Every structure is written in structure tokens, then in C-alpha cells.
Protein chains: 2
Amino acid sequence: MIAPGATIGILGGGQLGRMTALAAADLGYACHVYAPEPDSPAFAVARSTCAAWDDLEALDQFARSVAVVTLEFENVPVFALERLARRVPVRPGPSVLAVTQDRLAEKEFLRTNGFPLAPYRGVDSAEGIGRALRELGGPGVLKTTRLGYDGRGQRVIGSPEEVEPALAALGTRALVLEAFVPFEREISVVTARRADGARASFPPVENRHEHHILKTTIAPAPIADALATEAMRLAEAIAERLGVVGLLAVEMFVVSGGRLLVNELAPRPHNSGHWTLDACPVSQFQQLVRAICDLPLGDPTPFAGAVMDNLLGEEVASWPELLAEPGARLHLYGKREVRPGRKMGHVTRLRPLAGALMR
Amino acid sequence: MIAPGATIGILGGGQLGRMTALAAADLGYACHVYAPEPDSPAFAVARSTCAAWDDLEALDQFARSVAVVTLEFENVPVFALERLARRVPVRPGPSVLAVTQDRLAEKEFLRTNGFPLAPYRGVDSAEGIGRALRELGGPGVLKTTRLGYDGRGQRVIGSPEEVEPALAALGTRALVLEAFVPFEREISVVTARRADGARASFPPVENRHEHHILKTTIAPAPIADALATEAMRLAEAIAERLGVVGLLAVEMFVVSGGRLLVNELAPRPHNSGHWTLDACPVSQFQQLVRAICDLPLGDPTPFAGAVMDNLLGEEVASWPELLAEPGARLHLYGKREVRPGRKMGHVTRLRPLAGALMR
């Protein structure tokens, strides 16, 4: 057990790292944030190291200063994680990231372990894409295997003539073509897992996107109890099979007939879990700290329902009205520069939850 | 209005400063903590300056680095506050602290402005104490006028022969003798006030002490609605008369017949307001940030009742059980050294509140 008073290392300095550091401080931990960007928002609330991911000396010094390492940025190079892991527990570890950093490896992992997902093909040429489109029997979504997020690195392909422009736009041949799945809604589950296998899941939430960026999370998702239970079971089974220590966010599609298809995995705090800060006895960020420090996991049962809206780009200018709105919980990330679509903050509004226990 | 992104200066580096810095970060502010003690818990979550209160150069540099100054330690010397106030708004300001730092000045302020308090006499000799005891007509509590807290700097005096030993123990002649008041319970109100006079009060809470140190806060206090309203009215009137910008905590005795007597004022976040972190839409710490930055004050209406217990000294060793207790909200302050009676953390347990609105 890594007791309060110890220092937690956090890789990545964005809002997820910042909120993790705040949650760790609330339990008496110190944090040390490592990130390459000088203006990282998390630097302001913890000790910080600003260095590149391939700065081995900085990585070694960082490893010596902390009791455990976690991450808020899932594209930390695996070699950097392995370097850190020589000296200190890295949670989640390099083998988890090796899978989730590569969309094709992730899908292969899911498929070979029997988890449900939409049909897909790994492709690396126009001919391959044409063949895959025919095999999948309909339109598809062409995605880069690496570094895609918030809709970057993907294109919908409905017909063969859209292949070449898409290839040019994506600028890489390391690609996956997914069958386009008409879905009823998108949901996600954030589950926590300790090294000894203990686990706890927040209930599934529904996510609504605008221009491929998460805009709104509705918690809990308005789905049948049996489907919610199945979504949590699925997330926990994936976390177990992957060997995640920390958090795993699992995005899923609900397709017709109430079936679930896994869309994406993220082994870190997730935007769709921000509502837990205001509506659960333990937030996803505190739960991460508990999981990586071998502490008892907290109770993930919400005491309220919630609607969380991201403040993207210039939307953050509405902060004075949000502060004046009774009951609106505003969270801002301390980012200096406003850019279109940039996640500047979020606001959560609670609502009564049928049958909620106040505890 | 001091907008998110600005830097808030905090004088004092204890747990109140730490929790203020965490709340400020959650609204997108940066913080700069100034404190003389190298091991100040708040240093870990903000930019920090470790310097003495009479280090004028450090004070000037600090003032240049921040948009507004507040405090978590009410005994910051008034000359230091005045020095800072030449360059930057200090909230609450030097004139407030000049009153609340001196127990006799505070009582004179309350008395001359017609606020209810127990009979008292300023005394500076054994003869004066004897005379005051006779005038007050019963036992009294002898207190130093300055730097008393958590029961330090006070002695109960029931008879003339207890005077000399008390004088020797207190080690100063700057004293106040208060009539000993049999009270039903001790309550407190934390009220927030902006520079433009806008105000908002958390409901009164009941406080229970052990060895003169706050042990338990019960929120809201189990008192009649009319008395609760009167307590909030009193706290707001005192804050208005004092010209507080920020928070004012007002400790009161409920005496027989349901009358209120003001005991003590603290123009800062207060231990009896920690429950607001877990049971109100806005915590006392965020409310302080809102008040000093001229933001709309938050809704102080609790969505749950709460019992807050301080973890004093070795009691903090119970943290593993508290983390394992469903619904117990644990907060630790990151203090390295455990000393008897030292405030190491607190735990809040919620309970349903009749008629509470979830918002």
C-alpha cells in the first residue's frame, strides 16, 4: 500500500492530470507531473518536470522522485514507460499501453478475447480498402491506427471514389477500416481495478458528440438495468484481461436489439467521467489514486444524476453566467489559450436520481 | 472582476490555505502561497514563497505576482497586510484584521455596535482580575488578547486564589476576563461578503470540542428555524459592519431561552465549514474565491446534512478504515509530522436532509 504522504508521478500535464493531482492532494499525497509542454495546466498544482518523452535522464530522475507512476495521456511512448518501470511501479503498465495506443492491436485484442466489436479490417493501401469495403458490405470508417482522438485521424468512406482523398487526408498507411454501425446511442463505463483484481465501476453514461468531440454526458445513461449491468461486466472483464491497474474507460455503441459493441478503450481518467466529481461519493480521479496506491476502492454509486457539458473553445466565455446559475458546478482548467474545440472546462448540473441513497 | 486565469495570493500555508488553493484551481485560478514555515502543506499545490512576515522585499515581490491577496491565518501582522495593500487588493483588509487579532478590540467592536456578547472586562493585573470577577458576579474565563487558539491562552477562574497561577501560566498581562456563560450549545455561521455588499451564509452548524479543540461539526445545527435565521442575520450584520470582503466565521453560544451570544470572529475559512466541501453546491473555499474575485456568490444551501469529525494527532492512523467505509469522505492535509492535537485531516459523513433540493 502506498500511503498518503507519498509522491504520485503523473505523465501528461493536461486537465486530466490536473484533476488527478487535485484529487491526490485531497487525500494527502504529493504529485510530480511530467510533461513536454511548458504551459501544461497541471504544472500549477504540483511539482513539475518539463522534458521530452525521450529524455532518459529526466525520466530516471522523475522515477526516483515518486512512489508510483500513472498517466493522463495514453500516447506516452512505451519505451518511456518501460524505462520508468525499471525503478517504480507504472500503473497502468507498458503492456496495457502497447495495446491501447494502436487501434489495430486494440481491436485484435478485443476480437481474440471474444469481446464484441464491429467488423473491421487492418488496411494499408487503396486496393486493401476497396477489398475491405466489399467484405464489410457497406460504408466504413477509415481510422489511423495511432494518435487519433476527438475525431482527428478518421474519415467516413461510403464509396470507392472516396478512398484516395481519404488516404491523402490521413497521411499514413497504418489504418483500420471499421464497418459503419448504425447505433442507438454511445455509452461509456469507467472502471477501476487494483493490482489484486479488486474492481469498481461507475454506472454507464450516455455521450453525445459535436464534430466528433464529446459535448454532453448524461449520467446514468437512460438504458435498461440489464444493459447497464452488461456494460459494466464487459468493462470489468476487459480491464481484467488487459491487466489494467488504475482506470479503464470503455466506449461502447448500443446497437439495435440492445446489443453492445466496444468502440474504444482509454486506460486513464476519461472526459465522460467528469460528472463523478459532483455526483458520486468518490470521483474517477480519487478512484484512480485509490487503485494505483492499493487503497480500498471507493463507492462508485452516484447520489445524484448529472448532465455534464464540456466548454469547448469560446464557449468558456459563458463562465460568468455559469457561476451565477444556482446549482451549476463549474470547473475550469486554467488554460491560457482559447482554441476552437479546445476543452477549456466543463459544467455539471445535478438532478434527482430515483432511489438514490444519500451516503 | 478578477477573472479565472489570474493568480490569487494566499497568506498562510496550513490546511485552510491548501484547501483554498485547491478550490481556486478548480475554477481555473493559479495561486501563490506566502508562509514562513518551510513545511507548509499548501506549498505542494501552488507556487510558493517561504519568507518571514517582516521580509518587506519578499512581500513586495509577492504583491507584484498576484491579482488579489487573501489569508488563511488571521495573525498575519497588520503592517505586512498594509504593505501588501499598497500594491494589490487585500481581502479581508488590514482594518478587519486589526480588530479580530485582538480579543479586547473585537469585543469592544461588538459591544459598541450593539451585537450581543457575554459580559467581559479588559484586565492587566491580579487586582484588576479580582475586581472584574466581583463585577461579573461569578466565575470567568481569562484569555490573552492575542494569539490564542484551540484553547491555548485561556484559563477558567472560579475563585481569587486561582488568579496568580493563571497569570503565571498565561505569561502576559494583556488579558480579557469573560463572564463564564452556561450555554446549551456552540454554533457557528460562515458568511461570505463581496466588496459590493453581496452576501451569502451557510446555515449554522453545531460544534463540539474536546480539550478546547473542535472535534465534531453537525450540519445543520439542530436548532429552531427562527434561531438559525437570527444567527445568519447576526453573522451578516457583523461582516457588513466590519467591512469584511471574503469570509467571516462567527462562533456563537446558544444560551437558555434561545438567545445568541457572539463568542469569536475569524475572517477566513473555518474548520466548522469543512463539511461544505461535501454537502453544498459550493464549498466555503470556493465561496471565498468568489467573494474576493467579485464573482457571483454560490448557492450555500446544502443538498445533504453532514457530520464532520476532525482527525487530531494519532487519530489520522484510522485513514485505512475511513477509506474503506462506504460514503465516508476523507480529506487529509499532507502534514508530515503527527503531533498531539494537530489537525491532520477530517472525515465527513452525509445524511439525508429533510426537504433538501438536489441542485
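Derivation of every value follows stated rules applied to the coordinates shown; laboratory data play no part. The structure presented is a predicted model; accordingly, all values stated were derived computationally and were not measured. Cβ sites come from the backbone with ideal geometry, for glycine too, and all protein chains shown count toward neighbours.
When only alpha carbons are used to place a centre, segment B:32-52 and segment B:54-123 end up 20 Å from one another. Relative to the Cα centre, the charge distribution of segment A:7-90, modelled as +1 at Lys and Arg Cβ and -1 at Asp and Glu Cβ, gives a dipole magnitude of about 300 debye. When you count the other C-beta atoms within 10 angstrom of each residue and take the mean per peptide, A:98-104, A:276-282, A:298-304 line up highest first as A:276-282, A:298-304, A:98-104.
The charge dipole of segment B:169-317, taken about its Cα centre with unit charges on the Cβ atoms of Lys, Arg (+1), Asp and Glu (-1) only, comes to about 400 debye.
For B:23-36, what's the mean count of beta carbons from other chains sitting within 10 Å of each residue's beta carbon? List each step's numbers first, then the result.
Numbers: counts 1, 3, 13, 12, 8, 14, 3, 5, 2, 0, 0, 0, 0, 0.
Mean number of neighbouring Cβ atoms from other chains: 4.
Taking every alpha-carbon pair in segment B:7-90 and binning the separations at 5 Å intervals from zero gives 3, 18, 31, 28, 15, 4, 0 percent. The lysine pair tally for the protein assembly as shown, using Cα distances under 28 Å and a gap of 8 or more places or different chains, is 16. Spin-label model, residue B:321/residue A:318: points 7 Å from Cα along the beta carbon direction are separated by 4.7 nm. Farthest toward the dipole's positive end in chain B, which of B:188, B:207, B:345, given Cβ charges of +1 (Lys, Arg) and -1 (Asp, Glu) about the Cα centre? Value computed over the given set: B:188.
The mean number of partner chain beta-carbon atoms within 10 angstrom of a residue's beta-carbon across peptide B:319-328 is 5.
Using unit Cβ charges (K, R positive; D, E negative) and no other charged atoms, how large, in debye to the nearest 20, is the dipole of chain A about its Cα centre? Provide the component values of the computation, followed by the final result.
On the way: 38 positive and 41 negative charges, 108 e Å.
The calculation lands at about 520 debye.
Kindly rank B:116-122, B:291-297, B:64-70 from highest to lowest mean number of other beta carbons found within 10 Å of each residue.
B:291-297, B:64-70, B:116-122
Calculate log10 I(q)/I(0) of chain A for q = 0.15 Å⁻¹, where I(q) comes from the Debye formula with a single equal point scatterer on each Cα and nothing for solvent. So the normalised log intensities work out to -1.41. Placing a label point 7 Å from the Cα of residue B:64 along the Cα-to-Cβ direction, the distances to the matching points in the other copies come to 3.5 nm, shortest first. With R₀ set to 41 Å, the beta-carbon distance separating residue A:82 from residue A:233 gives a calculated FRET efficiency near 0.85.
Rg and Dmax of the protein assembly as shown, based on Cα coordinates, read 28.4, 105 Å.
Note on chain B: helix-only mean residue ellipticity at 222 nm, from DSSP H runs of 4+ residues weighted -39500 (n - 2.57) and normalised by residue number, equals -8000 deg cm²/dmol. Legend: mean number of C-beta atoms from other chains within 10 angstrom of residue C-beta atoms, peptide B:299-312, equals 1.
Rounded to the nearest 0.05, what FRET efficiency do residue A:338 and residue B:255 have when you use their Cβ-Cβ distance and R0 = 45 Å?
On the way: r = 56 Å, r/R0 = 1.23.
FRET efficiency, residue A:338 to residue B:255: 0.20.
Since only A:69, A:35, A:354 are under comparison, the one whose Cα sits farthest along the positive direction of the charge dipole of chain A, derived from C-beta charges on Lys, Arg, Asp and Glu, is A:69. Between segment A:252-268 and segment B:175-244, what is the C-alpha centre distance in whole Å? Distance between centres, Cα-based: 52 Å. With a cut-off of 19 Å on the backbone N, the residues of segment B:108-151 near the modelled label site 7 Å out from residue B:211 along Cα-Cβ are B:148-151.
Would you please give the FRET efficiency between residue A:351 and residue B:112, computed as 1/(1 + (r/R0)^6) with r the Cβ-Cβ distance and R0 = 51 Å, to the nearest 0.05?
On the way: r = 49 Å, r/R0 = 0.96.
Plugging the Cβ-Cβ distance into 1/(1 + (r/R0)^6) gives 0.55.
Rounded, prolate or oblate: which fits segment B:119-179 when a ≥ b ≥ c are the square roots of the eigenvalues of the alpha-carbon gyration tensor, with rounded for a/c under 1.5 and prolate only if a/b beats b/c? Prolate shape, in that a/c is at least 1.5 and a/b is the bigger ratio.
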